[in-house]
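Working notes, beginning with the structure itself.
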Amino acid sequence: MLNFSKEQKIVTIGDVKLGGQPGELPTVLFGTVFYGKKYRTHEPEAMAEAEGFINTQEEMSQLTGNPGVIDIFIGSEEQAEIRLGFVLDRIPGDRPICIDVPESDVKAHVLRYAGETGISSRLIYNSLNLGLGEAELEALKEYSPGCAIVLGYNPRNMSTDGRVEVLESGAGLLEKGIIDIAIDAGIKNILVDTGATPFDHNVAETLRAIPVMKNKWGRPTGCAIHNTVESWLWMKEYRKTNRDVYLNCDIGANAMPVILGADYAIYGPMRNAGRVFPFVAMVDKFMAEGAEDYFGVEIPDHHPKRRLK
């Protein structure tokens, strides 16, 4: 069991809390919706499917005690209003939402839209990274989101030290560290993402960086380790005829960050919520029991340790 001498911050975004010592709070689980070709034109059948995924994640969150956050994939400016509105109409008014936007210019548009519609405080920005553009930076300053994920991906040095460096100093790729960029933009709540990499690309450092970064900054830390499984070349072929095996690996991978102290996991497609939530809740029970027994950490009543006897 892990416990850090560095004070561990607890971040509150809407009705979700994350951070603290390992085992102290339930792992927050981010499930992605609208990722894939079928959602590009927002046909009624596809949107009904998305609504079903949203409802299932909420049901599993209520069952286990693990907060569920919707990670909304937005690939273009045209998609922003439709997808944000659709999700916001189907979740509690104090629930944060995460925006997963690959393109820097589209990120700037989404930030402006969120600011103009009054939802910036509920926004978890995924993510602030080396692809930062000027328009994006200006929008971050003008329409600061309630929270941002800072990505510790360093293509020049994928070791833990390299990942720390890009967050701390910019690693020669940016003028300053990504954490300082977020702070300068007025973002008060910062989540650290260690930056999942593929196999044979220092993948173990994705996990080793979790306790290192928590001990260095005391900020809530996690990753999207499912991306490593998703990019596994051998598995891409094997899963064509062994889908259940792939899902077991994909879902089981989320145990590793939690065991190393992660506060959140971006677990991938929300269609997997029914499998992921009970699995991570079980891991949380292990972690919470150790935290309580060995370190005297107080465990809240809504934790899977208390809720799932």
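Please treat every number below as a calculation from the coordinates, not as lab data. Predicted, not measured: the structure shown is a model, and the values here were computed from it. Positions of Cβ are generated from backbone atoms using ideal geometry, with glycine treated the same way; all protein chains shown enter the neighbour counts.
When the chain is fully extended, how far beyond the present Cα-Cα distance does E77 get from M282, taking 0.36 nm per residue of separation?
69.9 nm
Kirkwood Rh over alpha-carbon pairs of region 78-227, then Stokes-Einstein at 37 °C and 0.692 mPa s: what D in µm² s⁻¹, rounded to an integer?
Calculated translational D: 209 µm²/s.
For the pair E59/W234, report the inter-label distance in nm, with labels modelled 7 Å from Cα in the Cβ direction.
3.6 nm
Work out which helices of the chain, taken as complete DSSP H runs, extend at least 20 Å along their axis over the Cα atoms and score a mean Kyte-Doolittle of -0.5 or more, then list them. Intermediate results must be reported in sequence, preceding the final value.
Working: long enough: 44-64 (30 Å, -0.57); 203-217 (22 Å, -0.02); 273-295 (31 Å, 0.38).
Within the chain the helices that satisfy the rule are 203-217, 273-295.
How many Å³ per residue does the convex hull of the Cα positions in region 10-292 occupy?
Working: hull volume 33.9 nm³, N = 283.
Cα-based convex hull of region 10-292, divided per residue, equals 120 Å³.
Taking neighbour Cβ counts within 10 Å as the exposure measure, how do I259, I190 sort from fewest upward? Don't jump to the answer; show the numbers that get you there.
Numbers: I259 15, I190 21.
Ranking I259, I190 by Cβ neighbours within 10 Å, fewest first, gives I259, I190.
Once the Cα gyration tensor of region 32-151 is found, what semi-axes does its equivalent ellipsoid get, as square roots of 5 times the eigenvalues, in whole Å, sorted largest first?
They are 23, 17, 13 Å, listed from largest to smallest.
Between S5 and L88, with labels modelled 7 Å along Cα→Cβ, what's the label distance in nm to one decimal, could you check?
About 4.6 nm separates the two model spin labels.
Using only the Cα atoms of region 160-309, build the gyration tensor, take square roots of its eigenvalues as a ≥ b ≥ c, and label the shape rounded, prolate or oblate: rounded if a/c is under 1.5, else prolate if a/b is larger than b/c, else oblate. Intermediate results must be reported in sequence, preceding the final value.
Details: a/c = 2.09, a/b = 1.12, b/c = 1.86.
Oblate, since a/c reaches 1.5 and b/c is not below a/b.
When S144, S104 are ordered from fewest to most other Cβ atoms inside 10 Å of their Cβ, what list results?
Values: S144 20, S104 16.
So the residues, fewest neighbours to most, are S104, S144.
Would you mind computing, in nm to one decimal, how far apart the modelled labels at R306 and T12 are, each placed 7 Å from Cα along Cα→Cβ?
Spacing of the two 7 Å Cα→Cβ label points: 1.6 nm.
What's the center-to-center distance, using Cα atoms, between region 213-235 and region 245-309 in Å?
Computed from Cα coordinates, the inter-centre distance equals 15 Å.
Determine the gain in length on full extension of the stretch K216-E142; use 0.36 nm per residue of separation and subtract their C-alpha separation, reporting nm with one decimal.
23.7 nm
Which one, M270, P304, F73, projects farthest toward the positive side of the charge dipole computed for the chain from Cβ point charges (K/R +1, D/E -1)?
So the residue we want is P304.
Order by neighbour count: C249, C223, fewest other Cβ atoms within 10 Å first, most last.
Listing C249, C223 from fewest to most nearby Cβ atoms yields C249, C223.
Among T56, T41, T197, which one shows the biggest mean-square fluctuation in a GNM of the chain, springs joining Cα atoms closer than 10 Å?
Of the options given, T41 has the highest mean-square fluctuation.
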